[in-house]
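The structure under discussion appears below in the form of structure tokens.
Each value in this text was obtained by applying a stated rule to the coordinates, not by laboratory testing. As the structure is a computational prediction, the values presented were derived from the model and not from experiment. FYI the Cβ positions are ideal-geometry reconstructions off the backbone, even for glycines, and counts take in every protein chain you see.
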Amino acid sequence: MAVYSDKVMDHFLHPRNVGEIPDASGVGTVGNPICGDVLKLYLKIEGNVIVDAKFKTFGCGAAIATSSIVTELVTGKTIEQALKISNKAVAEALGGLPKIKMHCSVLAEEALRAAIEDFHKKQASDGQKDVKKNNA
């Protein structure tokens, strides 16, 4: 059985920032529902700063804890700073994870990158709409 740090248990039992952001700037969904862990991360970005982050996770305690801590790690950060957050940084912020649960920290990193990528796609799409509107 995996032994978890007090911080992992705290974030599992009292997860922070659970929920959705209806008008999210970017949303990243990662995981595999067949094997069990799925993480959906919502980001609200104003200017270049992540002002809010929320998540919904279906998975084990470590998946919930890594989802919770990544929302705390990114809030208030610029996009560039957020992109530097690695799965190892997520695990370290929780006081470590058992080797068998490190894949949960990878999910958190992947969801963060996917949400930022979604934000960039939306920005590019909005830019195209503006160009079309101005050319009309």
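Sort largest first and round to whole Å: the equivalent ellipsoid semi-axes of the chain, each the square root of five times a Cα gyration tensor eigenvalue. Don't skip to the answer; put the middle values down first.
Values: eigenvalues 184, 40, 29 Å².
Equivalent ellipsoid semi-axes, largest first: 30, 14, 12 Å.
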Net charge of Cβ neighbours under 11 Å - reference Val90; Lys, Arg +1; Asp, Glu -1: -3
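Figure the gain on full extension for Val51 and Lys121 (residue separation times 0.36 nm, minus the Cα-Cα span) and round it to one decimal in nm.
That pair, Val51 and Lys121, stretches by 23.3 nm at full extension.
Provide the gained length on full extension for the span Thr29 to His14, in nm with one decimal, where the gain is 0.36 nm per separating residue minus the Cα-Cα distance. Mind dumping the intermediate values first?
Details: separation 15, 0.36 × 15 = 5.40 nm, distance 2.19 nm.
Residue separation times 0.36 nm, minus the Cα-Cα distance, leaves 3.2 nm.
Compute, for the chain, the length of the dipole vector about the Cα centre, with Cβ point charges of +1 (Lys, Arg) and -1 (Asp, Glu) only. Units Debye, rounded to 20. Intermediate results must be reported in sequence, preceding the final value.
On the way: 17 positive and 16 negative charges, 44 e Å.
The dipole of the chain has a size of about 200 debye.
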Where does the Debye-calculated log10 I(q)/I(0) of the range 1-49 sit at q = 0.25, 0.30 Å⁻¹, using only Cα point scatterers of equal weight, no solvent? -1.02, -1.06
In a GNM of the chain with a 10 Å cut-off on Cα contacts, which of Gly26, Gly59, Gly95 has the highest mean-square fluctuation? Gly95
